[in-house]
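Asker: Below you'll find the structure I mean.
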Amino acid sequence: MLTAPVSPLRTDFERSVAAYWNTNRADPVNLRLGEVDGLYHHHYGVGEPDWTVLDGPGEGVIAELHRLESAQADLLLDHLGPIEPGDALLDGGSGRGGTSMMANARFGCRVDGVSISEYQVGFANEQAARRGVADQVRFHFRNMLESGFADRSRQAIWTNETTMYVDLFDLYAEFARMLAFGGRYVCITGCANDATGRRSKSVSRINEHYTCDIHPRSDYFKALAANNLVPITVLDLTAATIPYWELRARSEVATGIEEAFLTAYREGSFHYLLIAADRV
């Protein structure tokens with residue numbers, strides 16, 4: 001007798017997050033930017049824009065925003081450490097798969113992505129097939145808190161703006177289980193200033209907009225330490241991401257959330273961090 005597969009959605013909160021991303025299919029930002037070169041991201045950008053694009057047609061602004069988002073993904077990949085073609089990587093909360101595609105193109109290795117959005121998983125697998133890498137890049141409808149991959153099976157794992165949807169201690173326990181000894185975890189995330197972030201109206205607005213729960217900065221380091229993940233690099237990318245948001249606020253794909261990000265970053269209640277940590 002056949003039994004129905006167990007859903008990776010375990011709580012009402014996870015179901016609400018999945019519903020948000022399953023129904024948010026025609027979002028103007030991620031789809032328009034991904035059409036530039038077929039890499040579809042679900043994160044933001046870093047670096048100094050070419051401001052002259054504002055003087056030209058709107059497509060120039062779209063291409064520049066996409067360039068900054070791809071630069072962010074490249075920066076994350078720069079910190080994964082030595083990766084060989086025979087290694088296996090994991091993209092936790094993989095979205096539409098852009099960073100996974102870039103990792104495979106750079107390292108030539110196997111990449112698995114997991115997401116609790118069935119729509120995102122289907123979309124990302126279609127992109128892998130179109131790029132001819134479906135044998136190496138695969139996306140799974142799974143929960144990154146219980147991903148199902150073997151112990152010590154991953155040389156590197158990353159999360160790119162997805163940790164605000166999960167308990168960090170549970171997440172890093174799962175990642176530590178899967179990472180090989182000496183393997184690397186890299187996170188890029190927005191996090192709240194411990195002193196002022198929880199009282200910030202702008203941070204609250206971001207939480208409400210994305211149905212998430214932004215963690216204070218200190219929680220990342222507490223959860224890493226509790227799970228034998230030792231930070232080797234910490235970069236404050238706050239100043240590097242503000243120009244991206246300034247450009248996006250002046251673009252045709254602005255959604256209205258831009259001012260909350262800009263206010264939170266400028267007032268210091270919100271930070272944009274890259275953390276790279278080794279499994280010991």
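The values are calculated or read from the model by the stated rules, or taken from the named source; none is laboratory data. All values derive from a computational prediction rather than experimental measurement. Methodologically, a virtual Cβ is constructed for each residue, glycine included, from the backbone with ideal geometry; neighbour enumeration extends over all protein chains shown. Heavy atoms of the whole protein, side chains included, go into the accessibility calculation; ligands, DNA and RNA do not. Shrake-Rupley method; radii C 1.70, N 1.55, O 1.52, S 1.80 Å.
Asker: Share of the chain's accessible area from carbon and sulfur, percent, 1.4 Å?
Answerer: Using a 1.4 Å probe with all protein chains present, the chain comes out at 53 percent carbon and sulfur.
Asker: Then there is this: Given only helices, namely DSSP H runs of n ≥ 4 each adding -39500 (n - 2.57), what is the per-residue ellipticity at 222 nm of the chain, to the nearest 500 deg cm²/dmol?
Answerer: -12500 deg cm²/dmol
Asker: Scanning the chain for helices, which whole DSSP H stretches are 20 Å or more long along the axis (Cα) and average 0.0 or more by Kyte-Doolittle?
Answerer: TM-like helix candidates: 58-78.
Asker: Now a separate question. Rounded, prolate or oblate: which fits segment 1-154, taking a ≥ b ≥ c as square roots of the Cα gyration tensor eigenvalues, rounded meaning a/c under 1.5, else prolate when a/b beats b/c?
Answerer: The shape class here is oblate.
Asker: On to the next question. Go ahead and set up a Gaussian network model of the chain, Cα springs under 10 Å, then flag whichever of Ile214, Ile188, Ile257 fluctuates most.
Answerer: Looking only at Ile214, Ile188, Ile257, the largest GNM fluctuation is found for Ile257.
Asker: Restricting attention to the alpha-carbon atoms of segment 149-280, what are Rg (one decimal) and Dmax (integer), both in Å?
Answerer: 15.7, 46
Asker: Let me ask another. Assigning unit charges at the beta carbon (Lys, Arg +1; Asp, Glu -1) and nothing else, what dipole magnitude in debye, to the nearest 20, does the chain show about its Cα centre?
Answerer: 540
Asker: In a Debye calculation with equal point scatterers on the alpha-carbon sites of the chain and no solvent, what is log10 I(q)/I(0) at q = 0.07, 0.08, 0.09, 0.11 Å⁻¹?
Answerer: For the chain, the Cα-only Debye profile gives -0.24, -0.31, -0.40, -0.60.
Asker: Keeping all protein chains in the complex and leaving out DNA, RNA and ligands, what accessible area do you get for Lys222 with a 1.4 Å probe, in Å² to the nearest 10?
Answerer: 110
Asker: Also: For the chain, modelled as a GNM with alpha-carbon contacts under 10 angstrom, which of Gly98, Gly60, Gly34 fluctuates the most?
Answerer: Judging by the Gaussian network model, the answer is Gly60.
Asker: Just to confirm the filter: which trypsin sites (Lys or Arg not before Pro) across segment 5-108 are DSSP coil and have at most 13 other Cβ within 10 angstrom of their Cβ?
Answerer: For trypsin sites (Lys or Arg not before Pro) across segment 5-108 that sit outside H, G, I, E and B with at most 13 neighbouring Cβ atoms in 10 Å, the list reads Arg10, Arg25.
Asker: I'd like the distance separating the alpha-carbon centroids of segment 131-188 and segment 55-113, in whole Å.
Answerer: Spelled out, the Cα-based centre of one part sits 15 Å from the other.
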